[in-house]
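One structure is given here, and the rest of the page talks about it.
The values are calculated or read from the model by the stated rules, or taken from the named source; none is laboratory data. Note that this is a predicted model, so its numbers are computed, not measured. FYI the Cβ positions are ideal-geometry reconstructions off the backbone, even for glycines, and counts take in every protein chain you see. Just the protein is used for accessible areas: all its heavy atoms, side chains included, with ligands, DNA and RNA removed. Shrake-Rupley method; radii C 1.70, N 1.55, O 1.52, S 1.80 Å.
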Amino acid sequence: MVGSCSCNNSLTSCAGTYHSYKDTLQLAFTRQPDASLTLAEVSNADFDFLYVTHGDRPQSVMALMFVEQGDLKWISSDQAMLITNNGRITKTLGFSNDLLKLTATTTDPIANWQAINEQSHWQRLVDWRAGEYGYSVSSSFKVETGHTINVFQQDIAVTKVIEYLDYATPANFLRFDQRWQNIFWFDASSGVLLQSKQLAPFTEPMQLIFVSKVARELAKQAQLSKAVKTEQPAA
């Protein structure tokens with residue numbers, strides 16, 4: 001998964017090591033048609049792709065460039081970066097209010113979402129670039145079955161995990177987003193995280209679609225369906 005990459009839609013010349021980040025760097029979500037890749041392009045790539053939609057901006061594509069101690073580092077064509085751990089955004093570079101630090105990631109219930117119940121709770125400290133450091137955020141969770149998502153024009157059965165977040169620490173600024181929700185969609189059969197919608201104070205919602213994981217799950221389903229048909233006796 002680690003290496004250089006290129007893509008004609010939203011990623012171009014994503015190569016080398018990520019050392020030249022500047023504080024003024026902004027993720028280039030320009031108002032143009034959504035960037036997308038075909039299922040074949042994603043399936044045949046040597047690295048993973050991620051669709052990102054930030055607020056009402058068009059969809060962009062990021063590529064997985066580094067994997068370090070469980071952290072997946074996704075980079076855009078203009079060198080902005082998202083870092084995820086078990087699908088949760090743990091750090092950003094290149095946004096208007098970057099997430100700088102997130103503690104207690106090893107106890108994140110999303111990492112073992114099948115064990116989530118009504119008593120599941122998660123407490124951590126968070127730093128944001130907008131001047132809020134060491135702020136306490138607590139979460140509770142709810143699991144819902146029987147949902148579907150549509151990716152590559154195919155419906156996929158998923159389990160939805162809703163995370164209810166409470167920004168417990170008094171804010172430095174007047175705010176109206178003391179509470180909010182994150183949503184995670186997991187493949188109903190394998191339990192793999194395929195899509196999420198994550199929010200944070202002072203930012204617009206960010207939707208992530210792990211399209212390479214989706215492609216692998218679709219391939220597994222196709223193989224399983226083919227095997228079932230092969231085993232069926234001829235009429």
Which numbered condition Val228 misses (of (1) at pLDDT 85 or above; (2) in a helix (DSSP H, G or I)): (1)
What strands (runs of 3 or more DSSP E) lie completely within the range 49-146 and have 3 or more residues being closer than 25 Å to Val214 by Cα and either without any contact (Cβ under 8 Å) to a residue 40 or more places away in the chain or open to solvent by less than 50 Å² (accessible area, probe 1.4 Å) (or both)? 49-54, 60-68, 71-75, 81-85, 88-93
Give just the number: which of (1) over 24 Å from Gly94 (Cβ atoms); (2) buried (at least 19 other Cβ atoms within 10 Å of the Cβ); (3) at pLDDT below 85; (4) not hydroxyl-bearing (Ser, Thr, Tyr) does Ala168 not satisfy? (2)
With respect to Tyr21, determine if the residue is at negative phi, at pLDDT below 50 and of a type in the set (Phe, Trp, Tyr). yes
For the range 201-230, what are the residues that are surrounded by 19 or more Cβ atoms within 10 Å (Cβ to Cβ) and closer than 15 Å to Ile83 by Cα? Met206, Leu208, Ile209, Phe210
